[in-house]
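Peer 1: Can you keep this structure in mind? I'll have questions shortly.
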Amino acid sequence: AASASAVGATQPTRLGMAVSEQERVTPKAEVVAFTAALCCASLAILRQQGLPSLTVAEAGGSLDVAPEVMLVSRALVFTFHFVTILYVRTFGDLKFSIGYKPSLGSCLKNETVTFRGWSRLYTFFTAWNYSLQTVYFGLAAACSAALVFGREDLISRTHLALTQYAFEICTGCGYVVTVMVTFVIWPAKVKDRMPHDLNQVHNVIMHNCNTMETMMEIILGRVPIFAAHCPLGVLWGCTYIFFAWARAPTIARLAKENGKSQGNGGNFVYFFIDWTLPVMTQIMCIVGLLCVLVVFYLGSIVVRQVVLESAALGLPCTARTLLFFLGSFSLYRWRD
């Protein structure tokens with residue numbers, strides 16, 4: 001009954017005419033206010049703490065290998081990421097099936113959208129995290145280079161703060177991406193027989209190699225992850241939600257280009273950001289998403305602490321690497 005009444009709901013337009021809830025082109029004010037309040041609270045907490053006191057030795061060095069090794073490995077990962085991003089941006093179109101949840105009160109109808117160019121890349125949360133990881137490896141490589149060439153004076157405090165923030169965000173969020181794709185999104189696509197490209201090489205790289213690379217950093221690197229910085233996960237998630245809302249009408253227009261539009265005012269690649277859901281349902285979805293991000297952020301701290309403890313107990317670097325990489329591999333999916 002709630003779903004049926006939602007479908008018939010209307011909202012005013014600038015011309016004074018009424019349109020159906022399905023044609024909505026803006027998020028609901030209460031949900032925007034709630035999300036903005038979360039962003040402001042997160043920023044206030046982070047600002048109160050000030051910039052982190054990360055040193056160039058911590059950002060660029062390692063307790064197990066020479067700075068030269070860290071420089072080469074980070075530069076290679078940065079280059080690999082850059083090439084992957086250019087490949088996804090340049091080659092091929094993505095025909096993507098979008099599904100909604102009428103059972104939760106959604107008024108939107110399933111759509112098929114073709115993404116091209118940058119829209120194929122940055123519409124998805126995966127690409128956001130993969131790109132942030134690219135930024136991290138670039139910043140961290142610069143810190144390693146400063147150590148190698150004895151020019152620590154070139155690395156500013158802001159550079160160090162951005163390095164730490166990027167690492168803290170992309171480590172926890174990277175595991176969210178991997179786990180959600182492996183155990184939720186991919187199985188759902190297969191079960192519903194929906195077309196997807198998750199088994200293509202670039203997607204396997206972006207959903208699996210991301211955590212492989214951050215695990216390498218946790219084992220070899222010295223960049224810490226602080227529990228007090230967990231608002232970073234909330235801020236990152238809220239930023240993506242605002243982006244998804246701003247982009248929704250454009251994705252609706254992309255559906256019309258296929259000639260089979262269902263008339264949605266906005267489209268979302270993730271159903272839980274759907275702005276036609278009832279207000280409390282939207283808020284609960286947002287809270288659930290942000291709780292997941294925070295839990296995985298705190299989980300990354302636990303993993304790092306276990307790595308440090310195993311090193312303190314004398315477990316060789318090679319053994320630690322094999323052990324934790326095998327643990328990461330258990331989260332990966334390679335094919336249908």
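Peer 1: Write down the radius of gyration of the stretch 67-168 and its Dmax, each obtained from C-alpha positions, in Å.
Peer 2: Expressed in Å, the Cα Rg and Dmax of the stretch 67-168 come to 19.1, 61.
Peer 1: Still on this model: Compute the relative contact order of the chain as a whole-number percentage, counting only Cα pairs closer than 8 Å that sit 6 or more residues apart in sequence. If you can, show how the numbers build up before the last one.
Peer 2: Values: 460 pairs, mean separation 91.9, N = 336.
Computed over the chain, the figure is 27 percent.
Peer 1: Compactness ratio of the chain: Cα Rg over 2.2 N^0.38 Å, N = residue count?
Peer 2: On the way: Rg = 21.6 Å, N = 336, 2.2 N^0.38 = 20.1 Å.
Normalised by 2.2 N^0.38 Å, the Cα Rg of the chain equals 1.08.
Peer 1: To the nearest 20 Debye, how big is the dipole of the stretch 30-133 about its Cα centre, given +1 on the beta carbon of each Lys and Arg and -1 on that of each Asp and Glu? All intermediate terms of the calculation are to be shown ahead of the outcome.
Peer 2: Numbers: 8 positive and 6 negative charges, 94 e Å.
Here the size comes out at about 460 debye.
Peer 1: Mind listing which chymotrypsin sites (Phe, Trp or Tyr not before Pro) in the stretch 51-91 are in a DSSP loop and have 14 or fewer other Cβ atoms within 10 Å? Write out the running numbers ahead of the final one.
Peer 2: Details: sites: Phe78, Phe80, Phe82, Tyr87, Phe91; in loops: Phe91.
Those satisfying the criteria are Phe91.
Peer 1: Using Cα springs under 10 Å in a Gaussian network model of the chain, which residue among Pro102, Pro316, Pro249 shows the largest mean-square fluctuation?
Peer 2: Pro316
Peer 1: For the chain, with the dipole built from +1 on Lys and Arg beta-carbon atoms and -1 on Asp and Glu ones, taken about the Cα centre, which of Leu254, Thr211, Val234 lies farthest toward the positive end?
Peer 2: In the chain, that residue is Leu254.
Peer 1: What figure in square angstrom, to the nearest 10, would you give for the accessible area of Ile301 with a 1.4 Å probe?
Peer 2: Per-residue accessible area (Ile301): approximately 40 Å².
Peer 1: Tell me which residues come under 5 Å, amide H to amide H, from Phe96 once H is placed; ignore anything under 5 positions away on its chain.
Peer 2: When sequence neighbours closer than 5 places are left aside, the close amide H contacts are Val113, Thr114, Phe115.
Peer 1: While we're looking at this one, here's another question. Please give the per residue accessible area of the chain, computed with a probe of 1.4 Å over protein heavy atoms only, in Å².
Peer 2: 47 Å²
Peer 1: Taking only Cα atoms and a 10 Å spring cutoff, compute GNM fluctuations for the chain and point out the largest among Leu46, Leu162, Leu323.
Peer 2: Leu323
Peer 1: Over the stretch 155-258, what is the relative contact order in percent, taking alpha-carbon pairs closer than 8 angstrom and at least six residues apart? List each step's numbers first, then the result.
Peer 2: On the way: 33 pairs, mean separation 43.2, N = 104.
For the stretch 155-258, the relative contact order is 42 percent.
Peer 1: Related question: Quick one: divide the alpha-carbon radius of gyration of the stretch 68-126 by 2.2 N^0.38 Å and tell me what you get. Can you show the working numbers first?
Peer 2: Values: Rg = 17.5 Å, N = 59, 2.2 N^0.38 = 10.4 Å.
Taking the Cα Rg and dividing by 2.2 N^0.38 Å, one obtains 1.69.
Peer 1: In deg cm²/dmol and to the nearest 500, what is the mean residue ellipticity at 222 nm of the chain if only DSSP H runs of at least 4 residues count, each as -39500 (n - 2.57), divided by the residue total?
Peer 2: Working: 13 runs with 205 residues, N = 336.
Only helices count here, giving -20000 deg cm²/dmol.
Peer 1: Let me ask something additional. On a 0 to 90° scale, report how tilted helix 210-220 is relative to the longest principal axis of the chain, with both axes built from alpha carbons and the result rounded to the nearest 10.
Peer 2: In the chain, helix 210-220 runs at an angle near 30 degrees to the longest axis.
Peer 1: Right, here's the next one. Ignoring ligands and nucleic acids, what accessible area does Glu21 show with a 1.4 Å probe (Å², nearest 10)?
Peer 2: Solvent-accessible area, nearest 10 Å²: 10 Å².
Peer 1: In addition: Going by alpha carbons, how many degrees (0 to 90, nearest 10) lie between the helix axis of 231-257 and the longest principal axis of the chain?
Peer 2: Taking Cα atoms only, the helix is inclined about 40 degrees.
Peer 1: Moving to a separate point now. What size of dipole, in debye to the nearest 20, comes out for the chain about its Cα centre when the only charges are +1 on Lys and Arg C-beta atoms and -1 on Asp and Glu C-beta atoms? It would help to have the intermediate numbers written out before the result.
Peer 2: Details: 25 positive and 19 negative charges, 176 e Å.
Dipole size: approximately 840 debye.
Peer 1: Given a cut-off of under 8 Å on Cα pairs at least six residues apart, what relative contact order in percent is computed for the stretch 118-191?
Peer 2: Values: 29 pairs, mean separation 28.0, N = 74.
Reported as a whole number, the value is 38 percent.
Peer 1: A further question on this structure: For Lys95, go through the lysines and keep the ones whose alpha-carbon is under 20 Å away, minus same-chain ones fewer than eight residues off.
Peer 2: Lys109, Lys189, Lys191, Lys256, Lys260
Peer 1: Separate question: Could you tell me, in Å, what Rg and Dmax come out for the Cα atoms of the stretch 125-212?
Peer 2: Cα-based Rg and Dmax for the stretch 125-212 come out at 16.8, 56 Å.
Peer 1: Quick one: helix 67-90 against the long Cα principal axis of the chain, what's the angle to the nearest 10°, folded into 0 to 90?
Peer 2: 20 degrees
Peer 1: Let me ask something else about it. Report the charge-dipole magnitude of the stretch 178-336 in Debye, nearest 20, computed about the Cα centre from +1 at each Lys and Arg Cβ and -1 at each Asp and Glu Cβ.
Peer 2: Values: 12 positive and 8 negative charges, 54 e Å.
So the magnitude is around 260 debye.
Peer 1: Here's something else I'd like to know. I need the semi-axes of the equivalent ellipsoid of the stretch 272-331: take the C-alpha gyration tensor, multiply each eigenvalue by 5, square-root it, list largest first in whole angstrom.
Peer 2: So the three semi-axes of the stretch 272-331 are 38, 12, 5 Å.
Peer 1: Additional query: Over the stretch 93-134, with every protein chain in place, what whole percent of the accessible area is carbon and sulfur at 1.4 Å, could you tell me? Kindly include the intermediate steps, with their values, before the conclusion.
Peer 2: Working: 860 of 1550 Å².
Solvent-exposed carbon and sulfur of the stretch 93-134 make up 55 percent of the total.
Peer 1: For Trp128, what accessible area in Å² do you get when you roll a 1.4 Å probe over the heavy atoms of the protein chains, rounding to the nearest 10?
Peer 2: The accessible area comes out at roughly 40 Å².
Peer 1: While we're here: Once neighbouring chains are kept in place and the probe is 1.4 Å, which whole percent of the accessible area of the stretch 228-336 is contributed by carbon and sulfur?
Peer 2: Values: 3690 of 5130 Å².
On the stretch 228-336, the fraction of accessible area on carbon and sulfur atoms equals 72 percent.
Peer 1: Picking from Glu257, Glu217, Glu168, which is most flexible by a Gaussian network model of the chain using Cα springs under 10 Å?
Peer 2: The residue that fluctuates most here is Glu257.
The values are calculated or read from the model by the stated rules, or taken from the named source; none is laboratory data. In this text the structure is predicted, and so the values were computed from the model without any measurement. Note that each Cβ is placed from the backbone with ideal geometry, even for glycine, and that neighbours are counted across all protein chains shown. Ligands, DNA and RNA are excluded from the accessible area calculation, which covers all protein heavy atoms including side chains. Shrake-Rupley method; radii C 1.70, N 1.55, O 1.52, S 1.80 Å.
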